[in-house]
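Quick notes on the structure that follows.
The values are calculated or read from the model by the stated rules, or taken from the named source; none is laboratory data. Owing to the predicted nature of the structure, the values given are computational and were not obtained by experimental measurement. Here Cβ is always computed from backbone atoms with ideal geometry, including for glycine, and neighbour counts include all displayed protein chains.
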């Protein structure tokens, strides 16, 4: 290859941008060519001079600190903003989930209260309110044996204003339970007993609350959920609940 | 400086960008030819880069990205617009420039060792020539990296670089009366 063709590529060779094979060939030529060798040397000198001269401007240390401080501040602000947003979104998500969960839980609880009320009303409206008719707790309690998967104690009500009317099997959320009916004057009060686990913990304890215009008390004891409900006064509901709590 | 991998987001912008501070400032000063404007340009570059860091693409060249931001910022600045509008370039053609037969400018430069002459010659180059020459020689960028930085094809990088070198050689070539003096000095040196 004539020298003028080599020289066309001299700068590219010195920039190290020729393909490897061509680089080797060029190197061989430059070392042996009396024309190209000084030209290459001169251009290398120019390159080196430009490298030296080209680096003449250095930033002031104060300016560097200023930019570095600016970056650090912005980064931290960005980091804080990111995390604040992330935290806010997390709180929103958790709140939303919690609200959704609580909403669902509240909905189930209210539905359960409504079902209890329905059971109470339906039983009173029925021509056969109870399946076992007796004021004797030793008669009523054994009647449930083998009919429900748990046992319970009935209180002594002889010296109280309450009298046992009888009992029946009932169901709440497909779980079997005992439904006892007590009379208090002209009022009739229902006492429901279910296994706590069958109600999946949707009931919370309450000494006296109004649900659908009925007074209600509920508590959990020995794995069983007790619900006393009726249109009697809260004091009567509470009193009967107290008798049950002390039974056994 | 290739930044790749999913972990790069964990690296702070500061860790990646500050090592480039000196060379970016130097480049900015060569473009603006003014300390205050260079500082403004660098500061704006870092502000823009920091703001756009989340959009920086994985696996691409971070240094080229920073240089590109600085260059674009300069070109859209008042100084940059003025410079690029008043120094039109001939149409560029891809491919290397023809061989330079005479090696006089290089020899003269070598022999004169005149730093100031070279500085002035570089400073007088039109911005497109100045920047490509500085990116190549001072930034030691590959043709590919320069193409990425300048957003032009590699062929254009090669032709522009070749023309920049030619323009520099022409500026280093002494005026006729100086040439005589240089020749005289050369002869004197040889005699010595």
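For this structure, a couple of remarks:
- Screening residue A:28 on (1) surrounded by fewer than 15 Cβ atoms within 10 Å (Cβ to Cβ); (2) modelled with pLDDT under 90; (3) within 60 Å of the chain's Cα centre (by Cα) shows it passes everything except condition (3).
- Restricting the first member to the range A:34-47 and to residues that are farther than 18 Å from residue B:166 by Cβ, and the second to residues that are assigned to a loop (DSSP other than H, G, I, E, B), the beta-carbon pairs closer than 9 Å and six or more apart or on different chains are A:38/B:103.
- Condition check for residue B:79: farther than 22 Å from residue A:51 by Cβ, at pLDDT 85 or above and crowded, with 17+ Cβ neighbours inside 10 Å: no
- Tabulated pairs, the range A:14-28, first at positive phi, second surrounded by 11 or more Cβ atoms within 10 Å (Cβ to Cβ), C-beta under 9 angstrom, 6+ apart or interchain: A:16/A:23; A:16/B:142
- Unique residue being surrounded by 15 or more Cβ atoms within 10 Å (Cβ to Cβ) and either touching a strand residue (DSSP E or B) at 6+ places or on another chain (Cβ under 9 Å) or assigned to a helix (DSSP H, G or I) (or both) when the list is A:42, A:37, A:72: A:42
- Of all the numbered requirements in (1) under 40 Å from the mean Cα position of the chain (by Cα); (2) over 22 Å from residue A:118 (Cα atoms), residue A:161 misses one, and that requirement is (1).
- For the range A:95-102, the criterion of being assigned to a helix (DSSP H, G or I), within 12 Å of chain B (Cβ to nearest Cβ) and at pLDDT below 90 is met by no residue.
- Filtered by the rule that a residue be surrounded by 22 or more Cβ atoms within 10 Å (Cβ to Cβ) and part of a strand (DSSP E or B), the range A:219-248 gives A:225, A:226, A:227, A:228, A:229, A:230.
- Taken over the range A:13-32, the residue count meeting the criterion of being within 13 Å of chain B (Cβ to nearest Cβ) and touching a helix residue (DSSP H, G or I) at 6+ places or on another chain (Cβ under 7 Å) is 5.
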